[in-house]
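**Student:** First the structure, which I've put down as structure tokens, then a few questions once you've had a look.
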Amino acid sequence: MANFNTVAGCVLASALFAMVVGKVSNAVVHPHKLDKPAIAVVDEAPTTQAASAAPAELPPIGPKLAGANVEAGKAIFMKQCFTCHTTDKGGANKVGPNLWDIVGRKKAAHPGFGYSSALSAKGGDWSYEDIDHMIFKPTTYVRGTKMAFAGLPKEQERADVIAYLRTMAETPKPLP
Ligand code: HEC
């Protein structure tokens, strides 16, 4: 009898212990499970927001180029840019440099043209996006530029002009 009671007591005690441990570990483990996602959400939210807020002002022009109108771009160029720029191969520098093969051309690198130190210091090649920023607002894109041009605010017009400039090359650069 004594043995039975001892065994029964042990079993009962173990069961109680297990229940208590279960409750305690639930209580201990659950808050941890909740903490992690809460921290992760707080961690990631600002990063994502900052990344999408950063590019700002101009949406990329690249996707607009395939559907742009080269003829319309040429007409806009003749009205807005031709006073200062030629686009034919070996064309003269005027108030601004000749723009033959300008897409992918090194910045401020056309022979015989006296560039501003601001544009000379800019560095890199003329990507579609860089040309877009330049003709959107030259003085904002290159502080101190000599290009005295107010800019083309309309995205469609800039896409058309850039599509036209792209054709003024031996081998037009691939569209993005
Ligand atoms: C009033 C004259 C003027 C007008 C109008 C003008 N530009 Fe310019 N452009 C310049 C000058 C000057 C420079 C050189 C800028 C410098 O050295 O800072 C230049 C530079 C550029 C460059 C960089 C060339 C290089 O070799 O790095 C591009 C591209 C350009 N212009 C495109 C255009 C386009 C497209 C238009 C029309 C939408 C236009 N420009 C209108 C005067 C003009």
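**Student:** If Asp160 satisfies every condition in (1) out of contact with any Phe, Trp or Tyr (no Cβ under 8 Å at 6 or more places or on another chain); (2) under 21 Å from Val95 (Cβ atoms) but one, which is the exception?
**Tutor:** Only one criterion in (1) out of contact with any Phe, Trp or Tyr (no Cβ under 8 Å at 6 or more places or on another chain); (2) under 21 Å from Val95 (Cβ atoms) is unmet by Asp160, namely (2).
**Student:** Here's a follow-up. Could you pull out every one of the helices (runs of 4 or more DSSP H) wholly within the range 73-176 that has 3 or more residues that are within 9 Å of the ligand (Cβ to nearest atom) and in contact (Cβ under 8 Å) with a residue 24 or more places away in the chain?
**Tutor:** Of the helices (runs of 4 or more DSSP H) lying wholly inside the range 73-176, those with at least 3 residues that are within 9 Å of the ligand (Cβ to nearest atom) and in contact (Cβ under 8 Å) with a residue 24 or more places away in the chain span 117-120, 155-167.
**Student:** Further, regarding this structure: I'd like the full set of residues that are closer than 20 Å to Lys106 by Cβ and of a type in the set (Ser, Thr, Tyr), limited to the range 123-163.
**Tutor:** Matches in the range 123-163: Ser127, Tyr128, Tyr141, Thr145.
Read-outs throughout are calculated quantities, based only on the coordinates presented, and are distinct from any laboratory measurement. Bear in mind the structure is a predicted one, so any value in this text is a computation, not a measurement. We place every Cβ from the backbone using ideal geometry, glycine too, and count neighbours over all the protein chains shown.
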